[in-house]
Amino acid sequence: MQRPDFDNIKDFDEFGKYYWYREELINICKAHGLKHDGSKIELYKVVEAYFLGEKILPQKKKKASKATVTELNLNTGLIECGFTFGNRFREFFKEQTGEENFKFNVDMVASAKAAKENGDESFTLGDLLDIYYGKKTYATYDRSALQWNRFVKDFCSDDATCIYEERLKAAAALWKIVRESDMKKEYTHELFEKYKDMIGE
């Protein structure tokens, strides 16, 4: 089934059958006067609300206040200290975790971004540490964005796809078919067999 234009889609269930890039979701939201920033998950929620008759409007940007905190501890507010993913905060979390090569995980990134966007002054560096250890959830990384990466990896892992000189190009052609349909957004050998003549053109 070919993916219809957004304005011809009847409800959110039908909308959810198709794959949408973040850029497409932003354009849909902009065109309908809706909030159009945030992660794919947040944009999907805006679209879902739209289908339920609720318009989530764009928020006016708040001016960022300059950080005045010099000493960091677990009770320090994320907004209060002007949190970034730079060396100062990496060193702080390195000390907290005892991990020499500390790296912020994707849920920490999503949570810090959400806390800033929400203006949540109660969210602390301790909360961020709890998210690192999986003790708390605030906002989660949009893993649906990884569907294309997984699709290409599985496509290239299938020995049958060696028939193409440009495997990435062939994977992209097959992905386009899947993306614009209501099929599951996953690579299978059966999918390849069904469309291999079309993607080789």
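No value in this document is a laboratory result; all are computed from the given coordinates. All figures in this text were calculated on a predicted structure; none of them were measured in a lab. All Cβ positions, even for glycine, are placed from backbone atoms using ideal geometry, and neighbour counts span all protein chains on display.
Arranged by the count of other C-beta atoms within 10 angstrom, fewest first, what order do Phe89, Phe51 take?
On the way: Phe89 20, Phe51 15.
Least crowded to most crowded, the residues run Phe51, Phe89.
Would you be so kind as to identify which of Phe192, Trp175, Ala160 lies farthest towards the positive end of the dipole of the range 148-196, taking Lys and Arg as +1 and Asp and Glu as -1 on Cβ and the Cα centre as origin?
After comparing all options, I get Trp175.
Quick one: which residues, 5 or more positions from Thr124 or on another chain, have an amide H under 5 Å from its amide H? H modelled 1.01 Å from N in the peptide plane, none for Pro or chain starts.
Result for Thr124 returns Leu78.
Using the number of other C-beta atoms within 10 angstrom as an exposure proxy, rank Ser122, Ser39, Ser181 with the fewest first. Provide the component values of the computation, followed by the final result.
Values: Ser122 9, Ser39 20, Ser181 15.
Lowest to highest Cβ neighbour count: Ser122, Ser181, Ser39.
Once phi is turned into θ = phi - 60°, what whole-Hz ³J(HN,Hα) does the Karplus curve with 6.51, -1.76 and 1.60 give for every residue of the range 2-9, x standing for Gly and Pro?
Ordered by residue, 3J(HN,Hα) equals 6, 5, x, 5, 3, 5, 9, 8 Hz.
Quick one: grab the alpha carbon gyration tensor of the chain, order the square roots of its eigenvalues as a ≥ b ≥ c, and give me rounded if a/c is under 1.5, else prolate or oblate depending on whether a/b is larger than b/c.
It comes out oblate by the Cα gyration axes.
If you consider only alpha-carbon coordinates, what radius of gyration and Dmax does the range 144-199 have, in Å?
10.1, 29
Taking the Cα centre of the chain as origin and charging only Cβ (+1 Lys, Arg; -1 Asp, Glu), how large is the dipole, in debye to the nearest 20?
680
At 222 nm, what helix-only mean residue ellipticity would the chain give, in deg cm²/dmol to the nearest 500, using -39500 (n - 2.57) for each DSSP H run of four or more? Display every interim value, and only then the final one.
Working: 9 runs with 93 residues, N = 201.
Using -39500 (n - 2.57) per qualifying helix, the result is -13500 deg cm²/dmol.
Determine Rg/Rh for the range 6-51; Rg is computed over alpha-carbon atoms and Rh is the Kirkwood hydrodynamic estimate from the same atoms.
0.90
Could you give the length gained on full extension between Met198 and Thr70, defined as 0.36 nm per residue of separation minus the Cα-Cα distance, in nm?
Going from the current span to full extension adds 40.0 nm.
Using a Gaussian network for the chain with springs between C-alpha atoms less than 10 Å apart, which of these wobbles most: Glu117, Glu91, Glu165?
It is Glu165.
Of Tyr133, Tyr19, Tyr187, which has the largest mean-square fluctuation in a 10 Å C-alpha GNM of the chain?
It is Tyr133.
Rounded, prolate or oblate: which fits the range 64-141, taking a ≥ b ≥ c as square roots of the Cα gyration tensor eigenvalues, rounded meaning a/c under 1.5, else prolate when a/b beats b/c?
The shape class here is oblate.
May I ask you to sort Cys162, Cys156, Cys81 by Cβ crowding, counting other Cβ atoms within 10 Å and putting the fewest first?
Cys162, Cys156, Cys81
Given a 10 angstrom Cα cut-off, can you work out which residue in Ile79, Ile163, Ile131 is the most mobile in a GNM of the chain?
Comparing Ile79, Ile163, Ile131 in a Gaussian network model of the chain, the most mobile one is Ile163.
What size of dipole, in debye to the nearest 20, comes out for the range 6-51 about its Cα centre when the only charges are +1 on Lys and Arg C-beta atoms and -1 on Asp and Glu C-beta atoms?
Computed charge dipole of the range 6-51: roughly 100 debye.
Rounded, prolate or oblate: which fits the range 1-117 when a ≥ b ≥ c are the square roots of the eigenvalues of the alpha-carbon gyration tensor, with rounded for a/c under 1.5 and prolate only if a/b beats b/c?
prolate
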